[in-house]
Amino acid sequence: MMDLLMSHAGKDGGEKSFTLSFLKSPVEVTERGVRFQVNRLDGPVDQAKAVGTGEYIDTPSGLVLRSVGYATTPIAGAPFDERRRIVPNIAGRVTHNGDVVPGLYAAGWAKRGPVGVIATTMQDAYRTSDAIIMDITNGHLRSGLPRDSVDEGLRESGVLESCVTNEQWKHLEAFEVEAGRRVGKPREKVTSVDRMLDIIGV
C-alpha cells in the first residue's frame, strides 16, 4: 500500500490531495463537518486497542462517507465475546473462560476485529496456520482419521470437485495482474466466482 501511495506522491499536476489521519473516532456529524474523539493506543503492541482520550476535534467536511460497520457473527456452539465481537483466542487458538478449546481456531477479523488491511489478515492467517501445525507436531491435535478417509469424505461431499489448486490460483493472480497493468493499476480483481473458475479452467 505504501509503495502505491509513494508512486503517486510528488507527481506534477492536480490541485487535490488527501491526508491520512489516524487514532480518531467519529462521534457526531455536525452542521459544519464531523466531530472526532482523539484516541490513544493502550496495551501490548500486538494487541493494542484504541481508547478514547476525552479530547475532541471538529473537522470541516462537505461530504461524509460511511465505510465502517463490520461485526463478526457468532457461530452456534463456539465461544464468542459479545462486547468485542470477536472469537476469544490466544494466538489463534480459541479459548473459553481462559482455557484453550482443543481443535478450534480463529483467524482474520473474527480473531482480531475489523482492523488492518488485506496483507494484515493474510499474515494473521499464516500465524494461525503455524499454531495448527505446531499443535499437530506436538501431538495436541489429532484427527483420528487417516488421510485416505479424509479425502474420500471430501470426494463424497463434492468439495474436491470445486477445489482450486495453488497452481490454478497463481494462474488467476497472473491474469488479474496483467489486466491491471493494461489500465495502470496493480491488478484488476475478478469479482465473479464463475468468471474466476472459467479463467482457471474449472
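The values are calculated or read from the model by the stated rules, or taken from the named source; none is laboratory data. None of the values given here were measured: they were computed from a predicted structure. Counting neighbours? That spans all protein chains shown, and the Cβs are built from the backbone with ideal geometry, glycine included. Each accessible area value is taken on the protein alone, full model and side chains, heavy atoms only, with ligands, DNA and RNA left out. Shrake-Rupley method; radii C 1.70, N 1.55, O 1.52, S 1.80 Å.
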Flag for VAL150 being hydrophobic (A, V, I, L, M, F, W, C), exposed (fewer than 13 other Cβ atoms within 10 Å of the Cβ) and on the phi < 0 side of the Ramachandran plot: yes
Flag if GLY180 is closer than 23 Å to MET6 by Cβ, open to solvent by less than 60 Å² (accessible area, probe 1.4 Å) and without any contact (Cβ under 8 Å) to a residue 24 or more places away in the chain: yes
Search result, residues across the stretch 118-165 that are in contact (Cβ under 8 Å) with a residue 24 or more places away in the chain and more than 16 Å from VAL94 (Cβ to Cβ): ALA119, SER162, VAL164
Check on ASP58, open to solvent by 70 Å² or more (accessible area, probe 1.4 Å), acidic (Asp, Glu) and assigned to a strand (DSSP E or B): yes
Odd one out for THR121 among (1) within 30 Å of PHE80 (Cα to Cα); (2) open to solvent by 50 Å² or more (accessible area, probe 1.4 Å); (3) modelled with pLDDT of 85 or more: (2)
